[in-house]
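Read the figures in this text as sums done on the coordinates, not as results from a lab. All values reported here derive from a predicted model rather than from experimental measurement. Ideal geometry is used to build each Cβ from the backbone, glycine not excepted, and the neighbour counts take in all protein chains shown.
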Amino acid sequence: MKPFRVILYYFYAPIADTESYRDAHHIFCVENNLLGRIIISPEGLNGTVSGTPEDCEAYMAYIRSDERFSKVQFKIEEHDKIAFQKLHVRVKDEIVNSDLNVNPLVRTGKHLEPAEFKKIINDPDVVLVDMRSDYEHEVGKFKGAITFDMHNLRELPGHIHEIEHLKDKKIVTYCTGGIKCEKASAYLLEKGFTDVYQLHGGIIRYGLEEGGENFDGKCYVFDNRITVDVNKVNPTVISKCFICGTPSDRMINCANAECNTHVPVCEHCGWEMEGACSSTCKAHPGKRIYDGTGYYVSQSNHYHPMQGLKSQKKNIKKMKLAAKEVES
């Protein structure tokens, strides 16, 4: 067993007072040494959290103790170190940016469990559609899947014409953890597609439960791992180094903060280019220091895992003491 965990989850359930829930949620994470990225919106929760197994167990129990989220499904992965450097608990309009004007609680694609998905992925009458961004499917995707040249889910309406001729086919959508497909599959139904499914729990759950067979390459994730292995049965590398063209599934963010493009870059070129994706970016005055990972922490007023956590806890204690004084 590795010393840390990464847990990925989402759940659609109405949250009336998002600000209060965000504050309580944030305090719990700080008090339990958890780092990650959590989005709270009127439509539900979406999060990736990392910590020790004990702290992650406490977090999952905390989420499920709320009746609204008692049925949350967590994808749990082991890792040799904590997968984030900061904690972000934010209130947003949606738990995944889409602007698609659909409600998965009203109608969405039929859920396929990983074992069911595995049985049908080679069926010639099944069409797999990747609902992730271009830089995600560049480094990994299911064999034969249709992909779109889109940077986020808001661009999906502009690509529907590419699959309109498949409206009467069995469409199976997939994404990293399942959240994008809840809305993407609902949108396909709105647009007249008649037989729409989604991989429940996404690529990550399929890899954990079914070995990831027929997923080529690696899965892009939104933490400092950047990509993770999924396929334990017949793994391959499908991406090429953006600089030299050799096979590479090592993803980085360009060291030039103004560029920040997500591209595969082999280790040699990574060091040679100092983490930049081009000579122009290498010479840019805004280029960040490359440490070999290609992962950069955004500047914020949140805390660093080693230094800021103690001060954050002190601030919370002060807030609680001040609240008690007001009550008395």
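A few remarks follow.
- Hits among aspartates and glutamates - C-alpha to C-alpha of Lys143 under 14 Å, sequence gap 8 or more where chains match: Asp123, Asp130, Glu213, Asp216
- The calculated 222 nm mean residue ellipticity attributable to helices in the chain amounts to -8000 deg cm²/dmol, summing -39500 (n - 2.57) over DSSP H runs of n ≥ 4 and dividing by all residues.
- Residue-wise HN-Hα coupling along the range 277-292, computed from phi with Karplus coefficients 6.51, -1.76, 1.60 (Hz; x: Gly, Pro): 8, 7, 5, 4, 5, 5, 8, 5, x, x, 5, 7, 6, 8, 10, x
- Dividing the convex hull volume of the alpha carbon atoms of the range 111-167 by its residue count gives 102 Å³ per residue.
- ³J(HN,Hα) computed for each position of the range 260-270 - Karplus, 6.51 cos²θ - 1.76 cosθ + 1.60, integer Hz, glycine/proline x: 6, 5, 9, 9, x, 9, 5, 4, 4, 5, x
- Karplus (6.51, -1.76, 1.60) ³J(HN,Hα), θ = phi - 60°, over the range 194-208, in Hz, Gly and Pro reported as x: 9, 9, 10, 10, 9, 6, 6, x, x, 4, 4, 5, 4, x, 5
- Once Rg and the Kirkwood radius are both taken over the C-alpha atoms of the range 239-296, their ratio Rg/Rh works out to 0.92.
- Normalising the average separation of contacting C-alpha pairs (under 8 angstrom, six or more residues apart) by the number of residues puts the relative contact order of the chain at 14 percent.
- Between the beta carbons of Ser20 and Glu162, assuming R0 = 45 Å, the FRET efficiency works out to 0.55 to the nearest 0.05.
- Largest-first ellipsoid semi-axes for the range 110-219, taking √(5λ) over the Cα gyration tensor eigenvalues, angstrom: 20, 16, 12
- Lys92-Asn122 pseudo-label distance in nm [points 7 Å out on the Cα-to-Cβ vector]: 3.8 nm
- Near the amide H of Lys218, within less than 5 Å, lie the amide hydrogens of Gly140, Ile238, all on another chain or at least 5 residues away, with H placed in the peptide plane.
- Counting DSSP beta bridges with both ends in the chain, the antiparallel % (nearest 5): 60 percent
- The chain, Rg to Rh (Cα coordinates; Rh as Kirkwood inverse mean 1/r): 0.98
- Selection from Ala83, Gln73, Leu105, by position along the positive dipole direction of the range 63-106 (Cβ): Ala83
- Where labels lie 7 Å past Cα in the beta-carbon direction, separation of Thr236 and Asp99 in nm: 3.6 nm
- Electrostatic bookkeeping for Glu155 treats Lys and Arg as +1 and Asp and Glu as -1; over the other residues with beta carbon under 11 Å from its beta carbon, the sum is -2.
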